[in-house]
Structure formats: C-alpha cells, structure tokens
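Below you'll find the structure, written out as structure tokens, and then a few comments.
The values are calculated or read from the model by the stated rules, or taken from the named source; none is laboratory data. Everything numeric here is computed off the predicted structure, so don't read it as measured data. Neighbour counts run over all protein chains shown; Cβ positions are idealised from the backbone, glycine included.
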Amino acid sequence: MRWMLVVTMLAGLLPALAPAPARAVDLSKSSAEFGPEGAWTNSCEIDRMTDAKTCRLLNYRLFDEGGEVGFVGLSVIPTGNDYHLFLTTSQGLIENCAIRVDRQPRIETHIATINMCMFPNFVSGRIVDQFRNGSTVLVRVNFLRAGRRDIDFPLNGFSRNFEEMLRNLQ
C-alpha cells in the first residue's frame, strides 16, 4: 500500500506548486479519481467561484527506489489560446526536463521549479501531433542535486481522451 502514501503525498503537494489558474492536480480529488496508473484520464469541472469550466488530461507513474516510493505525472491543461504540458514529480528541485516520443527528436524545457516542469505551446508547437501518433513518451527529469530519472508513459488512449477533453471545453 505504499502507492497510497505516494498518491496522498501527491494530493498534498501539487496545489501549492502549480501556477494559477492552471493546476496539474486538484488536491480535493481522492486517489481513486486520478484513474489507474499509466492510463490517460481526463476530467473537467466547473469552478464554483468563476463558473468557468476547467479540464485536464492526466497520466502518472509510480516508482520504487530502495524503499522510497515516488511518482511522475504528466498533465495537459488548457491555458488561454493553447495548452501546456506539465510534468510533476514527488522528488524535489528540478533543473530541466525533456520528453521524447518514440524515436522523434527530444524536446527540452528549462521552465522548471520545485517538483514541476512545463512544456508550453503543446498544440501550437505540434507536440500534440507527436503524442497522437506515437506509442510511448520517455520523460527525463534532471534534478538539481539528485541526478536524473527516466520514466516511460504509454500513449495509448491519449488521442481519445484529448478529443473528449476538447469536446467538453466547447
């Protein structure tokens, strides 16, 4: 049940780390609402204060490293006229991140902070096309003091859930 501890930690950390108004993970959600590990899930809700609909697409992976359980998550969130891809982790200060879909060239970002990297312009930068047509995405997180971590995410189910999110936003 170590994964429940990690999901609980995820729920406690992410709201403070995510930039407003976009949020990588809503802490008010229970771990069951994040869906199964390694599967793309989308969720939309109405902000009670502004009555605006907010949506996100989420996938997460758990890892066990010598008794320490952690997570790495990917979130696609609409922001203004585009979407951003957020990479969140349980491990600490991040220097930079990179993603690589199948054998495509890697895409790197230095937009990083504690527990999070952001890849802006997900749709206009054509990253979404790679996600729609690919089978896996490899993410690399370079930590300031703790080395690096590579995690693979499956892309099956991404296109269907992304299209469903787009429909929900209309």
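Computed values, structure above
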quantity	calculated
Residue within region 140-161 that is under 14 Å from the mean Cα position of the chain (by Cα) and basic (Lys, Arg) present	yes
Pair list, Cβ < 8 Å and 6+ apart or interchain, from region 136-149 residues that are free of Cβ contacts under 8 Å to residues at least 12 places away in the same chain to residues that are among the polar types (S, T, N, Q)	ARG148/ASN142
Subset of region 117-144 [over 18 Å from THR79 (Cα atoms) and either basic (Lys, Arg) or touching a helix residue (DSSP H, G or I) at 6+ places or on another chain (Cβ under 9 Å) (or both)]	PHE131, ARG132, ASN133, GLY134, VAL137, ARG140
Residues of region 76-112 classified as without any contact (Cβ under 8 Å) to a residue 12 or more places away in the chain and either in contact with a His (Cβ under 7 Å, 6 or more places away or on another chain) or surrounded by 13 or more Cβ atoms within 10 Å (Cβ to Cβ) (or both), total	1
Of all residues making up region 41-70, the number that are of a type in the set (Phe, Trp, Tyr) and modelled with pLDDT of 90 or more	1
Condition check for GLY73: part of a strand (DSSP E or B), at pLDDT below 90 and small (Gly, Ala, Ser)	no
Test: residue in region 28-40 that is surrounded by 14 or more Cβ atoms within 10 Å (Cβ to Cβ), modelled with pLDDT of 70 or more, part of a strand (DSSP E or B) and under 12 Å from the mean Cα position of the chain (by Cα)	no
Given (1) farther than 22 Å from GLY38 by Cβ; (2) assigned to a helix (DSSP H, G or I), number of the condition SER159 does not satisfy	(1)
From the options VAL123, VAL128, VAL137, residue that is outside any strand (DSSP E or B), crowded, with 18+ Cβ neighbours inside 10 Å, modelled with pLDDT of 90 or more and of a type in the set (Val, Ile, Thr)	VAL128
